[in-house]
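Engineer: Shown below is the structure under consideration.
The values are calculated or read from the model by the stated rules, or taken from the named source; none is laboratory data. Just so you know, these numbers come straight off a predicted model, no measurement behind them. Cβ placement follows ideal geometry from the backbone for every residue including glycine, while neighbour counts extend to all protein chains displayed. These area figures cover heavy atoms from the full protein model, side chains too; ligands, DNA and RNA do not enter into them. Shrake-Rupley method; radii C 1.70, N 1.55, O 1.52, S 1.80 Å.
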Amino acid sequence: RFNAWEVDELIYLDISEDDAYDIRRDDLKVKNEGDVLNILESISKTCFMPLTFGGKIRTLEDIQARISRGADKITLNTAAIETPDFITESANHFGSQAIIVSIDVKQYADGRYEVYYSHGRKPTGKDPVAWAKEVERLGAGEIFLNSIDRDGMACGYDLPLIRSVVEAVNIPVIACGGVGRFAHFAEGIIDGKADAVAAGNIFHFTELSARQARKALLKMGVDVRQ
């Protein structure tokens, strides 16, 4: 379906707590796939767009296994927090263009932001702007920036957060978290200054969503592929 809608890129994040993948579905292409690498391989055979894959990546071997099964890029989150030098090691081995660091951010009542990790449950004490600068220095090729507070809320992107990170780094920033209507995509680009905009729910539950998103961006004067 996403192929038919000409989505620019698919970002697949494995957020399962363990290694059990009982999807309880009868879809022919994923039926009986109990291993995440087999799931990735099945996806890659159908996916005719750039494919980024993240989740449970701790070693160079983990990255190689995912690239070997069709991923074009990978995302690091917990491993990047716990072992920052792994960003550099990965970028040196596979190239910065293949290494995205995912940054999950929570905002407090006083307006302060903090980076969280481990499924968004553990605070790091890190400021998102400072951490974004650090991951760029360490060799990351892109940043996937997600607002924990807005994820699934359909209230729009956290534009000040996005803008503060974009203005602090020289690598592309992909914004995520909060899209509820197609105009939010344009706001992420125009007001947030993001290099790219991503979402989950609106794509999964709205027919022809990617095409509608692209039309909204074009209407607001954003230069996107028609």
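Engineer: What is the total of Lys pairs in the chain with C-alpha atoms under 26 Å apart, excluding same-chain pairs fewer than 8 positions apart?
Structural biologist: Number of lysine pairs found: 27.
Engineer: Would you mind working out the accessible area per residue for the chain, using a 1.4 Å probe, and quoting it in Å²?
Structural biologist: Solvent-accessible surface per residue comes out at 52 Å².
Engineer: Here's a follow-up. Only bridges whose two residues both fall in the chain count here: according to DSSP, what percent of them are antiparallel, nearest 5? Intermediate values should be presented prior to the final figure.
Structural biologist: Numbers: 6 of 28 bridges.
Percent antiparallel among DSSP bridges in the chain is about 20.
Engineer: Calculate for the chain the 222 nm mean residue ellipticity that helices alone would give, adding -39,500 (n - 2.57) per DSSP H run of length 4 or more and normalising by residue count, nearest 500 deg cm²/dmol. Each step should come with its number before you reach the end.
Structural biologist: On the way: 9 runs with 78 residues, N = 226.
Mean residue ellipticity, 222 nm, calculated: -9500 deg cm²/dmol.
Engineer: Tell me the accessible surface of TYR108 in square angstrom (1.4 angstrom probe, heavy atoms of protein chains only), to the nearest ten.
Structural biologist: Answer for TYR108: close to 60 Å² accessible.
Engineer: For the pair ASP85 and GLU207, how long in nm is the line joining their label points, each one 7 Å along Cα→Cβ?
Structural biologist: 5.5
Engineer: Given ASN3, LEU37, GLY141, which one lies farthest toward the positive end of the charge dipole of the chain, if we put +1 on the Cβ of every Lys and Arg and -1 on the Cβ of every Asp and Glu?
Structural biologist: ASN3
Engineer: Taking a label point 7 Å from the Cα of ARG1 along the Cα→Cβ vector, which residues of region 189-226 have an amide N closer than 17 Å to it?
Structural biologist: 199-214, by backbone N distance to the label point.
Engineer: Over the chain, what percent of the accessible surface lies on carbon and sulfur atoms, probe 1.4 Å? Can you show the working numbers first?
Structural biologist: Values: 5700 of 11760 Å².
Ligands and nucleic acids excluded, carbon and sulfur give 49 percent.
Engineer: Tally the DSSP beta bridges in region 96-206 and give the antiparallel ones as a percent, rounded to 5.
Structural biologist: So the antiparallel bridges in region 96-206 amount to around 35 percent.
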